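Notes to accompany the following structure.
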Amino acid sequence: SIETALRTLQAHPGECYFWATHTGAELDLLHVRGRRRIGFEIKRSSSPGLTPSMRIAMKDLHLARLLVVHAGHERYPLARNVEAVPLGMLAGAL
């Protein structure tokens, strides 16, 4: 969940954003600390895949990483710097 990500990051309110474009691309959580940007997408699916919205976020926001937090049990890469991570493994992924 977004709350879990925020606690794990020890994020301050001014470091966290929801991001969306007028064309419909969105990111559930954008964490910015200094120049480092990490995106989080929260999925109910147990085996999420890479979406066009994720590709747009990576490109437009120049993300260092994008973590797709999901309900499954496996951690696996989706693309360069994009990883599917079970909620229970989120702390180890950061």
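Annotations
- Only listed residue being of a type outside the set (V, I, T), part of a loop (DSSP other than H, G, I, E, B) and in contact with a helix residue (DSSP H, G or I) (Cβ under 8 Å, 6 or more places away or on another chain), chosen from L78, L63, L67, L29: L63
- Selection status of L63, modelled with pLDDT of 95 or more, among the hydrophobic types (A, V, I, L, M, F, W, C), within 18 Å of V85 (Cβ to Cβ) and surrounded by 13 or more Cβ atoms within 10 Å (Cβ to Cβ): yes
- Extreme residue, nearest to L78 (Cα to Cα), among residues of the stretch 32-58 that are assigned to a loop (DSSP other than H, G, I, E, B) and of a type in the set (G, A, S): G49
- Given (1) more than 17 Å from L90 (Cβ to Cβ); (2) at pLDDT 90 or above; (3) not acidic (D, E), index of the condition P13 fails: (2)
One line per residue, one yes/no per condition, for (1) surrounded by fewer than 16 Cβ atoms within 10 Å (Cβ to Cβ); (2) touching a Lys or Arg at 6+ places or on another chain (Cβ under 9 Å):
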{"position": "L30", "(1), (2)": "no, yes"}
{"position": "G39", "(1), (2)": "no, yes"}
{"position": "S46", "(1), (2)": "yes, no"}
{"position": "I56", "(1), (2)": "no, no"}
{"position": "H70", "(1), (2)": "no, yes"}
{"position": "E74", "(1), (2)": "yes, no"}
{"position": "L78", "(1), (2)": "no, no"}
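- Meets criteria (closer than 18 Å to V85 by Cα and hydroxyl-bearing (S, T, Y)) for T23: no
- Hits in the stretch 16-26 - residues which are in a strand (DSSP E or B) and either closer than 18 Å to G92 by Cβ or of a type in the set (A, V, I, L, M) (or both): A20
The values are calculated or read from the model by the stated rules, or taken from the named source; none is laboratory data. Bear in mind the structure is a predicted one, so any value in this text is a computation, not a measurement. Note that we place each Cβ from the backbone using ideal geometry, even for glycine, and neighbour counts take in every protein chain shown.
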